[in-house]
Structure formats: structure tokens, C-alpha cells
Amino acid sequence: MTTLDQLKPGDKATITNIKSSDLTIKLLEMGLLPGKTIKYNFKAPLGCPISVQISGYSLSLRIDEAQLIEVA
């Protein structure tokens with residue numbers, strides 16, 4: 001199982017699952033839905049947040065949020 005935080009800048013992947021947590025609903029509302037293609041853009045200089053692109057827009061996520069998103 002690979003999570004979004006393990007990708008490298010420029011990598012693309014498909015979301016397979018969102019792990020259950022207090023943030024699950026928030027992530028789904030932001031458009032992070034299983035089956036969507038996501039691109040890892042870059043990581044901030046201090047390592048958090050990361051920038052991803054999904055459905056034509058950029059989104060910043062904290063590392064703890066990215067660890068909840070399983071990708072393939």
C-alpha cells in the first residue's frame with residue numbers, strides 16, 4: 001500500500017482509498033475521491049505542506065492528510 005506522501009514530485013497516481021479518520025469527510029469534500037488521478041507537484045522547503053493537482057486545480061495538503069490517501 002502506497003500513500004500520497006510517499007510519491008515524488010512529478011509522480012501521478014490514482015486514488016484507491018481514503019483511510020478512515022476525522023479528516024475523511026474533509027478530504028472527500030475537497031475532491032479527493034477514489035478513482036481520481038492525482039499529480040504530486042512539489043513539497044514545501046521545510047517538508048510540509050505538499051502541493052498536488054487534481055481535477056484541474058492545485059491543492060495543498062499537510063503530510064498527515066497525505067498519509068490518509070492510498071494511491072496506486
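Computed quantities for the displayed model
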{"quantity": "Radius ratio Rg over Rh of the chain, counting only Cα atoms, Kirkwood formula for Rh", "calculated": "0.91"}
{"quantity": "Cα-projected label distance for SER58 with ASP22, points at 7 Å along beta-carbon direction, nm", "calculated": "2.9"}
{"quantity": "Whichever aspartates and glutamates have a C-alpha closer than 15 Å to that of LYS43, once near sequence neighbours (fewer than 8 apart) are set aside", "calculated": "ASP5, ASP11, ASP64, GLU65"}
{"quantity": "GNM top mover of SER51, SER21, SER60 - the chain, alpha-carbon springs below 10 Å", "calculated": "SER21"}
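Bear in mind that the values in this text are calculations on the coordinates, not laboratory data. No experiment lies behind these values; they were computed from the predicted model shown. Neighbour counts run over all protein chains shown; Cβ positions are idealised from the backbone, glycine included.
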